[in-house]
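The values are calculated or read from the model by the stated rules, or taken from the named source; none is laboratory data. Only a predicted model underlies this, so the values are computations on that prediction, with no experimental measurement involved. Neighbour counts run over all protein chains shown; Cβ positions are idealised from the backbone, glycine included. The accessibility values were calculated without ligands, DNA or RNA, using every heavy atom of the protein model including side chains. Shrake-Rupley method; radii C 1.70, N 1.55, O 1.52, S 1.80 Å.
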Amino acid sequence: MIKPDWNIFKAKFSENPQNNFEWLVYSLFCREFNLKTGIPRFKNQRGIETEPTKHDDEYIGWQAKFYDTALSSHKADFIKMLDNTKGSHPNISRLIVFTNAEWGQSKGQEPKTKTAIESHAKKIKIKLEWRCASYFETPDVISENKDLYNHFFSLSQSIYEKLELLQKHSNRLMARISPYIEFDNQKIAVDRTSIKDLLLQSSSQVVLLTGNGGVGKTAIIKQIYEENKESDSVYYVHKASEFNVSKVANFLFEIDLDDFIKAHEKLSNKVVIIDSAESLLSINNLEPFQEYLETLLAADWKIWFTTRDQYKNDFSFLLVQSYRVLYEDINVPLLSSVEQREIASKYHIEFPQDDKLKDLLRNLFYFKEYLKFYEKNIHLDYNKFRDSLWSQVISKNNPRRATLFIDIAKKRANTGCFFVNIGVEPIEKTLLHELIEDGILVNDQSHYYIAHDIYEEWGLNRYIDLQYQLHEEEKDFFVNIGESLPIRRAFRKWLSEKLVSESYDFIDFIKYCFNSKDISAIWLDELITSILLSENSKFFFNSYKDHILNNDNKIFNRIISFLKMSCKQLDENIFGELLLNSLSVKELNYLFTKPKGDGWVQFIDFVYKHLSQIEESQFKNIIPILKEWNKTNKSGKATKQAGLIAKHIFEQIVEDELNFTLSDDLI
């Protein structure tokens with residue numbers, strides 16, 4: 001129990017003790033009369049601090065007076081206060097005066113000044129009630145307001161001061177986000193009102209705001225955050241990598257979780273926003289996050305996650321499978337061709353002739369980078385523009401600057417921490433400052449983090465590509481890049497781009513890896529998964545067909561195994577049915593999934609084209625793949641091919657009297 005010490009109060013709030021005393025009293029008054037939404041008031045309110053409040057047929061007002069002098073010396077102030085109160089609020093019947101001072105007795109008698117003030121109050125029909133220093137020392141008052149007493153009468157940080165730090169952290173994360181693009185003294189903004197409305201009106205406690213990296217998900221959050229700052233709502237923002245800690249208090253500025261919940265229990269709209277939620281997939285110990293998530297949901301908080309389309313399926317598995325949480329998916333689209341034409345007309349911008357580059361500029365992040373060097377970029381094609389980004393944005397043609405940024409990206413990936421500890425040589429401090437000035441890094445109170453996930457991806461992609469160019473043996477390449485999850489995610493993107501380039505040297509690299517005994521199982525698994533999830537797995541199947549069909553079916557069977565294990569995504573159509581029927585995901589005995597990735601289409605096409613070369617012993621392995629595909633894909637080329645393959649297999653079984661049986665639902 002904290003006893004009120006007015007010396008501590010004055011030391012802590014030395015700049016304006018009267019103002020802070022009013023805040024203390026206002027909080028106590030609202031709690032006493034259960035005024036959850038506060039009390040109306042006006043600037044320069046006369047007589048009392050706020051408008052009177054009605055309670056049990058009484059109109060009650062309050063006043064707070066913090067004095068270092070005797071109460072008896074303020075008779076004129078109190079008389080004036082009473083007259084102003086009655087003049088402004090004729091219906092007021094009761095006035096409570098809170099003060100840190102006590103009345104002093106005069107020869108054992110009631111102080112004459114106090115008697116005179118009370119007589120005046122009675123004369124104008126106001127019941128005057130004193131709440132002096134002894135009131136604040138009442139055990140019941142102290143025990144019912146521990147949080148307030150800890151804030152006002154302790155020199156240690158109170159929960160309110162810690163919440164203020166948490167709010168400032170949210171503000172800093174949002175401050176660097178711009179809802180518009182600056183170009184030629186103009187501000188280009190895209191109307192996202194419909195998406196904002198979907199978010200604000202969603203009935204789901206958990207929402208995934210999905211879309212390509214750089215499409216503007218966090219900018220939408222920023223707009224909602226700014227527009228609702230002063231309302232009866234609270235919004236806190238975390239980067240998902242902040243949860244790579246040992247306990248909840250570490251990312252809540254040492255606030256106890258129960259105290260955090262209690263401090264907000266009277267608010268009707270409470271939202272926690274977790275940006276770049278895919279980073280949770282890289283964290284080994286998710287117990288603090290799980291505790292936070294489950295506690296928030298139990299206390300009726302809303303939780304909004306932002307995540308990229310490419311990671312949405314893995315993250316949704318985490319939510320549904322690990323935490324049994326349903327969610328609503330709200331997708332943020334790329335710019336449409338109509339929006340591009342409107343922007344071109346309104347802001348006098350010429351889009352490039354190269355269709356592939358024009359399509360890339362549907363992403364607001366790349367559109368912004370395009371406009372930074374507009375006169376130069378307008379003449380580039382897709383490949384030249386992509387190649388120019390590194391030198392224009394990151395390296396600025398300075399190898400040391402590029403190396404410094406790559407080292408920072410590697411450290412971020414390998415530690416999994418949001419903030420990166422950067423110890424640089426004096427010669428590199430200038431380069432570090434340049435990266436901050438250019439918006440590549442953010443300095444948050446001497447803690448550094450990479451400003452955008454796409455910049456981090458560029459750094460890791462550059463690092464992986466450098467290691468690939470420099471490697472002498474394939475095993476050295478994988479040892480050098482390491483096995484952290486962010487590196488493996490970057491490897492998938494890098495590999496996909498290599499397949500798009502259709503380099504046969506790269507196919508030789510893959511061949512060696514599959515045949516090598518020196519490559520770890522983790523990387524062999526990652527390699528095949530990356531190929532099957534790539535947008536250009538067709539190149540792999542075409543150029544590697546002889547090895548797939550031979551080699552004792554090892555590669556063939558591995559592809560089948562990974563299609564079933566790693567190339568699946570949640571069937572979100574089931575979510576809609578659950579919500580319509582008011583069911584919980586916890587009532588499901590198993591999860592409903594469907595095929596994911598181009599690998600399914602290319603494998604079915606591969607089997608269809610080479611069916612005569614595939615051993616009959618593989619039929620049992622192929623048919624479950626066909627069934628899984630056709631279950632959720634009722635039309636299209638791959639669906640037709642799957643049906644024809646199944647028909648062929650059935651005919652072979654009948655014609656050749658093969659010595660195995662299939663269950664009825666497989667054919």
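So the values come out like this:
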| item | result |
| --- | --- |
| Selection count where residues are farther than 19 Å from T50 by Cα and surrounded by 15 or more Cβ atoms within 10 Å (Cβ to Cβ), scope segment 9-25 | 4 |
| Counted residues, segment 88-104 - those being open to solvent by less than 40 Å² (accessible area, probe 1.4 Å), of a type outside the set (A, V, I, L, M) and outside any loop (DSSP other than H, G, I, E, B) | 3 |
| Pick from segment 144-164, criterion more than 18 Å from I261 (Cβ to Cβ) and hydrophobic (A, V, I, L, M, F, W, C), ranking: surrounded by the fewest Cβ atoms within 10 Å (Cβ to Cβ) | L155 |
| The lone exception for V479 - which of (1) over 30 Å from Q602 (Cα atoms); (2) open to solvent by less than 50 Å² (accessible area, probe 1.4 Å) it fails | (2) |
| Residue that is nearest to Q157 (Cα to Cα) [pool: residues in segment 257-277 that are acidic (D, E) and touching a residue at least 60 places away in the same chain (Cβ under 8 Å)] | D259 |
| Residue list for segment 496-538, restricted to those being of a type in the set (A, V, I, L, M) and closer than 24 Å to K609 by Cβ | L499, V500, I507, I510, L527, I528, I531, L532, L533 |
| Residues being closer than 10 Å to T210 by Cβ, charged (D, E, K, R) and outside any helix (DSSP H, G or I) - total across segment 303-351 | 2 |
| Of all residues in segment 293-310 being crowded, with 18+ Cβ neighbours inside 10 Å and touching a Leu at 6+ places or on another chain (Cβ under 7 Å), the one that is nearest to I454 (Cα to Cα) | T307 |
| Test: residue in segment 219-233 that is within 18 Å of F419 (Cβ to Cβ) and surrounded by fewer than 20 Cβ atoms within 10 Å (Cβ to Cβ) | no |
| Criterion (in contact with a helix residue (DSSP H, G or I) (Cβ under 8 Å, 6 or more places away or on another chain) and more than 30 Å from Q310 (Cα to Cα)) met by exactly one of Y236, Y160 | Y160 |
| Lone unmet requirement of (1) over 24 Å from L334 (Cβ atoms); (2) in contact with a His (Cβ under 8 Å, 6 or more places away or on another chain); (3) aliphatic (A, V, I, L, M) for I274 | (1) |
| Tally, over segment 50-84, of residues that are more than 22 Å from N20 (Cα to Cα) and assigned to a helix (DSSP H, G or I) | 9 |
| Residue selected from segment 616-657 under the condition hydrophobic (A, V, I, L, M, F, W, C) and open to solvent by 50 Å² or more (accessible area, probe 1.4 Å), by the criterion modelled with the lowest pLDDT | V654 |
| So F660, is it open to solvent by less than 80 Å² (accessible area, probe 1.4 Å) and modelled with pLDDT of 85 or more | no |
| Check on Q613, open to solvent by less than 30 Å² (accessible area, probe 1.4 Å) and at pLDDT 85 or above | no |
| Enumeration of residues in segment 562-597 that are loosely packed, with under 13 Cβ neighbours inside 10 Å and modelled with pLDDT of 60 or more | M565, N573 |
| Residues of segment 465-507 that turn out to be among the hydroxyl-bearing types (S, T, Y), more than 20 Å from W390 (Cα to Cα) and out of contact with any helix residue (DSSP H, G or I) (no Cβ under 7 Å at 6 or more places or on another chain), as a count | 1 |
| Segment 35-81: number of residues that are open to solvent by less than 70 Å² (accessible area, probe 1.4 Å) and on the phi > 0 side of the Ramachandran plot | 2 |
| Count of residues meeting criterion [under 18 Å from Y370 (Cβ atoms), assigned to a loop (DSSP other than H, G, I, E, B) and touching a Lys or Arg at 6+ places or on another chain (Cβ under 7 Å)] in segment 159-186 | 1 |
| Residue in segment 105-117 that is surrounded by 17 or more Cβ atoms within 10 Å (Cβ to Cβ) and closer than 23 Å to R31 by Cα present | no |
| Pairs, first touching a residue at least 24 places away in the same chain (Cβ under 8 Å) and more than 21 Å from K222 (Cβ to Cβ) in segment 287-305, second loosely packed, with under 15 Cβ neighbours inside 10 Å and among the basic types (K, R), C-beta under 7 Å, six or more apart | P288/K247 |
| Hits in segment 266-302 - residues which are of a type in the set (K, R) and closer than 26 Å to G214 by Cα | K302 |
| Residue check for E369: crowded, with 19+ Cβ neighbours inside 10 Å, more than 30 Å from P595 (Cα to Cα) and at pLDDT below 95 | yes |
| Residue list for segment 442-476, filter: assigned to a helix (DSSP H, G or I) and surrounded by fewer than 16 Cβ atoms within 10 Å (Cβ to Cβ) | D465, L466, Q469, L470, D476 |
| Sole residue being surrounded by 13 or more Cβ atoms within 10 Å (Cβ to Cβ), without any contact (Cβ under 8 Å) to a residue 60 or more places away in the chain, closer than 30 Å to Y347 by Cα and of a type outside the set (S, T, Y), chosen from A121, A189 | A189 |
| Residues (farther than 25 Å from Y370 by Cβ and basic (K, R)) located in segment 187-236 | K196, K229 |
| Condition check for F251: under 22 Å from V207 (Cβ atoms), modelled with pLDDT of 95 or more and open to solvent by less than 20 Å² (accessible area, probe 1.4 Å) | no |
| Close pairs (8 angstrom Cβ cut-off, 6 or more residues apart or separate chains): touching a residue at least 24 places away in the same chain (Cβ under 8 Å) in segment 85-109, assigned to a strand (DSSP E or B) and among the acidic types (D, E) anywhere | S93/E58; R94/E58; R94/E129; L95/E129; I96/E129; V97/E129 |
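Residue by residue, here is whether (1) under 25 Å from the mean Cα position of the chain (by Cα); (2) assigned to a helix (DSSP H, G or I) holds:
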| position | (1), (2) |
| --- | --- |
| D359 | no, yes |
| F365 | yes, yes |
| H379 | no, no |
| A402 | no, yes |
| N414 | yes, yes |
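Yes/no matrix, rows are residues, columns are (1) aliphatic (A, V, I, L, M); (2) over 24 Å from D140 (Cα atoms); (3) in contact (Cβ under 8 Å) with a residue 24 or more places away in the chain:
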site: D5; (1), (2), (3): no, no, yes
site: F9; (1), (2), (3): no, no, yes
site: L24; (1), (2), (3): yes, no, yes
site: S27; (1), (2), (3): no, no, yes
site: R31; (1), (2), (3): no, no, yes
site: E51; (1), (2), (3): no, yes, yes
site: G61; (1), (2), (3): no, no, yes
site: L82; (1), (2), (3): yes, yes, yes
